[in-house]
Structures are given as C-alpha cells and as structure tokens.
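**Student:** To start, I am sharing the structure in question, which I have written as structure tokens.
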Amino acid sequence: MARGQKIDELYISLGLDIARLQLDFDTAGRTVSETVARLNSKSNQLKLKMDVDLAKLDGVGTELDKIKVRHQAINRELDIQRQKEQILAAVLKSAKKNDGVDSAAYRRAESNLLRQQRTVAQTEAEVRKL
C-alpha cells in the first residue's frame, strides 16, 4: 500500500477527480491507511447499529420491519466497501505507475484490491438475497 501517501496526493498524481469518486471531504489529507481504517470503523459501527435496531424490534416489529432495517444497513455497508475498493484501485494504479507490475508493492496492492472486490461482490449478493 502507498504508506504515508495522502489520499488527495494519490488521486492528483493519478489524474483522478476526488469528487467523481464520491469520497467524503474528510478523506482529503489523510493517508491511505488512515482512510481505510476510518472506513473499517464506520463499517463496524453500522453493523453494531443494525444489531441495536434489530434488537429493538424483537417482539414488537414485523419481519418486514426487520428486513427493511437489514436492507438499509447492508446498502450503507456496500457504499463503504465501494469507497474502499476505489481507494485500493487508486493504490494499485499508483504502484503500477511508480514501481511496475513486477514489484512486490504492485502484487500486494493487487491482492488487497482483489480481496476488496470479493467483499463488494459478497455484499452485493447479500443485498440481492434480501
């Protein structure tokens, strides 16, 4: 990963438009690892909030209410996972440009992106199931 490289610098060096990638304004100036950590924290908070909301519906909410809560939470989770995917795609592009496709940095970035793409696909599948 682009250790210590700031998100805005990464996007600018790759000629990417931050607004087009729909990242929060607070990602500008943060490092890649800080941004991914923030998104992971946001994801965990979403899961906890969903658990709280579902617990509040126990005994009083209908199955449809529970499905709605779950669907909303999974959609928000999908948005977060897509943001992480965009960041990791930019890191891969940067590693290719700076280090070449035969470098360890490129292979590590490629593996990270593939794992994230798997997570996005699994989350999309959860949405379809609901």
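The values are calculated or read from the model by the stated rules, or taken from the named source; none is laboratory data. Everything numeric in this text was worked out from a predicted model, so none of it was measured. FYI the Cβ positions are ideal-geometry reconstructions off the backbone, even for glycines, and counts take in every protein chain you see. SASA here: full protein model, heavy atoms, side chains in, ligands and nucleic acids out. Shrake-Rupley method; radii C 1.70, N 1.55, O 1.52, S 1.80 Å.
**Student:** Has the range 35-43 got any residue that is in a helix (DSSP H, G or I), modelled with pLDDT of 90 or more and loosely packed, with under 12 Cβ neighbours inside 10 Å?
**Tutor:** Yes.
**Student:** A follow-up question, please. Step by step: first the residues of the range 55-87, then only those that are among the hydrophobic types (A, V, I, L, M, F, W, C) and either outside any helix (DSSP H, G or I) or farther than 20 Å from Gln122 by Cβ (or both), then the one that is farthest from the chain's Cα centre (by Cα). Which residue is that?
**Tutor:** Applying the filter and picking the extreme gives Val60.
**Student:** Still on this structure: What about Thr119, is it of a type in the set (Ser, Thr, Tyr), surrounded by 15 or more Cβ atoms within 10 Å (Cβ to Cβ) and touching a strand residue (DSSP E or B) at 6+ places or on another chain (Cβ under 9 Å)?
**Tutor:** So Thr119 does not fit the description; no.
**Student:** Considering only the range 90-106, how many residues are open to solvent by less than 40 Å² (accessible area, probe 1.4 Å) and part of a helix (DSSP H, G or I)?
**Tutor:** Residues that pass the stated criteria total 7.
**Student:** Exactly one of these conditions fails for Thr119: (1) in contact with an Asp or Glu (Cβ under 9 Å, 6 or more places away or on another chain); (2) at pLDDT below 90; (3) of a type outside the set (D, E, K, R). Give me its number.
**Tutor:** (2)
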